[in-house]
Structure formats: structure tokens, C-alpha cells
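The values are calculated or read from the model by the stated rules, or taken from the named source; none is laboratory data. Everything numeric here is computed off the predicted structure, so don't read it as measured data. As a convention, Cβ positions derive from the backbone with ideal geometry for all residues, glycine included, and neighbour counts pool all protein chains shown. Only protein heavy atoms, including side chains, enter the accessible area calculation; ligands, DNA and RNA are left aside. Shrake-Rupley method; radii C 1.70, N 1.55, O 1.52, S 1.80 Å.
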Amino acid sequence: MTLKNTLATIFLVLTIGSNSCTNSEKKKTNVSPFKKSLIERKVDGTNYLIALPKGYQIKESRGMDFSVYYFLPSDTSVKAPFKGGFYLGNHGAGFGPDSITCKLKDLTSPLLNVEQSWSLYNCNGKYQVETFADSKSGYNWGKMLHVFGRADSDADLKKLLDIYSTLKVSNQTK
């Protein structure tokens with residue numbers, strides 16, 4: 001290999017390396033201020049972590065062989081512009097739209113670190129979303145995850161999906 005070819009190869013490697021650093025830096029800085037403000041919390045009784053806005057809480061509703069976890073404002077007098085939750089069990093069922101006039105659209109958004117297909121119902125500018133996924137929980141009683149939520153506007157829908165993009169399985173023991 002000649003000196004000229006060696007220098008060209010080094011230049012190419014350095015250029016590719018610096019571009020990949022720039023791209024990863026762009027991804028980090030492309031996080032919305034809302035998503036940056038979220039506070040990661042452990043979902044009690046599970047091996048899940050989720051990041052929620054300040055002033056939001058997680059409430060569990062337990063059944064015989066399942067649990068449903070809701071997140072909503074801690075102050076119950078506050079009208080929530082978005083709220084949601086997830087079912088952890090083996091026999092979940094979808095909700096569908098509140099009205100037959102709602103328009104169905106498919107969208108893709110991350111859940112458990114994987115791009116997930118969601119059903120989005122637009123009901124006169126108010127939104128309902130839901131999806132089903134493998135829970136990755138490791139629990140025999142909870143192999144399925146049914147994730148759902150409501151939002152009052154496009155901006156609130158984005159916030160709701162930002163929250164769900166933070167849901168992950170903790171590396172800590174169950």
C-alpha cells in the first residue's frame with residue numbers, strides 16, 4: 001500500500017468516525033424538553049421502569065391473574081391533558097374507540113426499546129392510542145402488555161408517546 005493510499009484510508013476512517021459521532025450527538029440533542037424533564041420511576045410490584053412528569057403518580061389495580069397500572073396526576077382535582085396505563089397479564093383485550101365516528105390510523109412509536117405499531121383513534125381532535133406487545137417481564141402470569149392512553153391534542157399525544165418510549169425492563173432482580 002502506498003503512502004497516498006494509506007493517507008486516503010486514514011482520512012476516510014476519520015471522516016466516517018466523526019460523522020457517526022455527530023449523528024449520535026444529534027440524536028441526543030434531538031430529545032424534546034418535555035422528555036428531558038421526565039423522572040424515571042420504578043413501577044411497584046414489577047421489574048419495569050417508566051419516566052413520568054413531575055406531579056404524576058402510578059396507581060395499580062390488581063385482578064386475580066393480572067395487574068393494570070395507570071399514570072395520572074397526583075392531584076385528582078387537576079384535569080389531565082393526557083393519561084394512560086398498561087395491562088400486564090395473559091388475556092388482555094383492546095378497547096377500541098369511544099365512538100364509531102373516530103378515525104383509525106396506524107402509527108409507529110418505541111415501546112420497550114423496539115419500534116412498535118400502535119392503533120391511533122382520532123375522535124374529533126382527542127386521541128386514544130393502544131398497542132399490544134410481549135411484556136418481556138419474565139412473569140408467567142404476565143406475558144402480555146396492553147398499553148393504552150388518551151390525549152387532548154397533538155402535542156399531548158406526542159408527550160404520551162414520549163412517556164411510553166421510556167418504558168423498560170429493569171436489570172435489577174424481580
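Go through segment 65-77 and report how many residues are over 16 Å from the mean Cα position of the chain (by Cα) and more than 18 Å from Ala133 (Cβ to Cβ).
Selection size over segment 65-77: 6.
Mind counting the residues in segment 147-165 that are of a type outside the set (Asp, Glu), under 12 Å from the mean Cα position of the chain (by Cα) and either part of a strand (DSSP E or B) or buried (at least 18 other Cβ atoms within 10 Å of the Cβ) (or both)?
10
Kindly indicate the residue of segment 37-67 that is open to solvent by less than 20 Å² (accessible area, probe 1.4 Å) and in a strand (DSSP E or B) and also farthest from Leu157 (Cα to Cα) among those meeting that condition.
It comes out as Ser67.
From the residues in segment 128-142 that are in contact with a Ser or Thr (Cβ under 8 Å, 6 or more places away or on another chain) and at pLDDT 95 or above, which one is surrounded by the fewest Cβ atoms within 10 Å (Cβ to Cβ)?
Per the stated criteria, the residue is Glu130.
Checking Thr2 against (1) surrounded by fewer than 17 Cβ atoms within 10 Å (Cβ to Cβ); (2) hydroxyl-bearing (Ser, Thr, Tyr); (3) at pLDDT 55 or above, only one condition comes out false. Which one?
Tallying (1) surrounded by fewer than 17 Cβ atoms within 10 Å (Cβ to Cβ); (2) hydroxyl-bearing (Ser, Thr, Tyr); (3) at pLDDT 55 or above, Thr2 fails exactly one: (3).
Out of the residues in segment 78-103 that are within 20 Å of the chain's Cα centre (by Cα) and open to solvent by 70 Å² or more (accessible area, probe 1.4 Å), which is farthest from Leu157 (Cα to Cα)?
Looking at residues that are within 20 Å of the chain's Cα centre (by Cα) and open to solvent by 70 Å² or more (accessible area, probe 1.4 Å), I get Phe95.
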